[in-house]
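Notes for the one structure printed next.
Bear in mind that the values in this text are calculations on the coordinates, not laboratory data. Keep in mind it's a predicted model, so treat the numbers as computed, not measured. In this analysis, Cβ positions are derived from the backbone assuming ideal geometry, glycine residues included, and neighbour counts consider all displayed protein chains.
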Amino acid sequence: MAHAGHPVHTALERQSVVERRHALSPSDYLGHLSTISAHLVPAPAQGEEPFGRIGRVLPDVVEMEADITLHLARRRHEP
């Protein structure tokens, strides 16, 4: 039986979470947000206003969770 969404794999063997926590300055956090396509806007001038408003309400240290979930599955061998 293939794992849902992955037709070449059989059942999921194991799942692990690598915990990652970061303490960022507001500037570094806004820099991180600017790399995420959901937060990008077409023109740079339009992006300055929302990021400026966000920056004004951020604490001195922004705690960020950046956990990674790893999945181990067996590959299905086809004849």
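Quick notes
- FRET efficiency for residue 72 and residue 20, using Cβ-Cβ distance with R0 set to 22 Å, rounded to 0.05: 0.70
- Per-residue packing, averaged as other Cβ atoms within 10 Å, sorts the ranges 62-75, 17-30 into the order 17-30, 62-75, beginning with the highest.
- Contour excess over end-to-end distance, with Cα ends at residue 12 and residue 64 and 0.36 nm allotted per residue: 15.9 nm
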